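Report on the structure given below.
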Amino acid sequence: MRPVALRGRRAAGPAPGARIDAPASVPAAAGRYWEIDAARTLAIAMMVAYHIVYDIDLAAPGLGPDPFRGSWGLLPEATGSLFLAVAGMSLSISDARLRARGVGAWERWRSHARRAAIVLAAGMLVTAATWVVFPDRFVRFGILHAIGVSILVGAALVRFPALTAIAGGAAIAAGLAVAGGTSDAPGGLVVGLPPAGFSSVDYWPLLPWMGALLLGAALGSLLYPGGRRAGPLTRIPPGPRATRPLTAPGRHSLPVYLVHQLILVPVVWAVVRVGQAVGAW
């Protein structure tokens, strides 16, 4: 995790989107697209790499690279953007498959809302845990909160890809416009206008970050119309066994997100302390 003041920076890179369940009318081979899971795995790898550097800096400042500067400082934004975009693509594929089954708009939204509720519940667990560990900087609106709420918004727009893309671009533009601003208004923190002096170990306001999920949803509608691969993607072979190590973490991205720091922090702390004890650094 990494502290932030005013801007949306986070330790938790990010995070997972909604899983895709194959409807009965879709061939089993199309149940999950291995390239989507591989993209999530890449985001997980980026998140873990950043948190190793962050945890080293937390355990022994100056021992490793500065996690807040240079390319390391940009990695959290890249990681979170990838998580959000893939969540948006998954949303568009899932919605298209439900439409193909003749599921109505309200039932589709309820299906997506259930996914969003799971992500938001996980976000509340992160809030509770960080309130115990970092009472002055606990997570009020982190990456999981952003993904959950963005899924709810995206579910209402995803049927209209052009409108979804416009809304995504508008969210990013609005986020850039309010960046660095503060407000005491209710809800200001959620949209990127936190109160003065605000600091959190994980902060992803809807503006601009919802835009990444909405643009991902629009892209998913283009690449997977009807929930199926189109154009060049049709030449992608079914996932062979060799791809399983690339897709396994991505298939379970939410639990991986929730537990990875519980494993990394004590391991990094132990390695740093042992290295200091033996004079390795």
Helix 143-157: angle to the longest alpha-carbon principal axis of the chain, degrees 0 to 90, nearest 10? 20
With just the Cα atoms defining each centre, how far is region 210-281 from region 78-93? Give it in Å. 11
Can you classify region 93-148 as rounded, prolate or oblate using the Cα gyration tensor, where a ≥ b ≥ c are the square roots of its eigenvalues, rounded means a/c under 1.5, and otherwise it's prolate if a/b beats b/c and oblate if not? prolate
With an 8 Å Cα cut-off and a minimum separation of 6 or more residues, compute the relative contact order for region 4-277 in percent. 32
Protection proxy (average C-beta count within 10 Å per residue), highest first, orders 41-49, 53-61, 178-186 as 41-49, 53-61, 178-186
If I fit a long axis through the Cα atoms of helix 206-223 and take the longest principal axis of the Cα atoms of the chain, what angle between them do I get, 0 to 90°, rounded to 10? 40
Express in nm, to one decimal, how much length is gained between ALA162 and GLN276 on full extension, taking 0.36 nm for each residue of separation and deducting their alpha carbon distance. 35.4 nm
Search the structure for amide H atoms under 5 Å from the amide H of TYR203, placed 1.01 Å from N in the peptide plane, and list their residues when 5 or more places away or on another chain. ARG9, ARG10, ALA11
Note the listed values [x] 16.0; [y] 19.5; [z] 13.6, then indicate which one is mean projected area of the Cα convex hull in nm² calculated from this particular structure. [x]
Cα convex hull volume per residue for region 162-261 (Å³): 149
Based on DSSP H runs of at least 4 residues, each adding -39500 (n - 2.57), what is the mean residue ellipticity at 222 nm of the chain after dividing by all its residues, to the nearest 500 deg cm²/dmol? -21000 deg cm²/dmol
Could you please rank SER94, SER199, placing first whichever residue has the fewest other Cβ atoms within 10 Å of its Cβ? SER199, SER94
Under 5 Å between amide hydrogens, which residues at least 5 positions from SER183 or on another chain qualify, with H placed 1.01 Å from N in the peptide plane? ALA196
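Computed from the coordinates by the stated procedures, all read-outs in this text should not be read as laboratory data. Bear in mind the structure is a predicted one, so any value in this text is a computation, not a measurement. Positions of Cβ are backbone-derived with ideal geometry, glycine not excepted, and every protein chain shown enters the neighbour counts.
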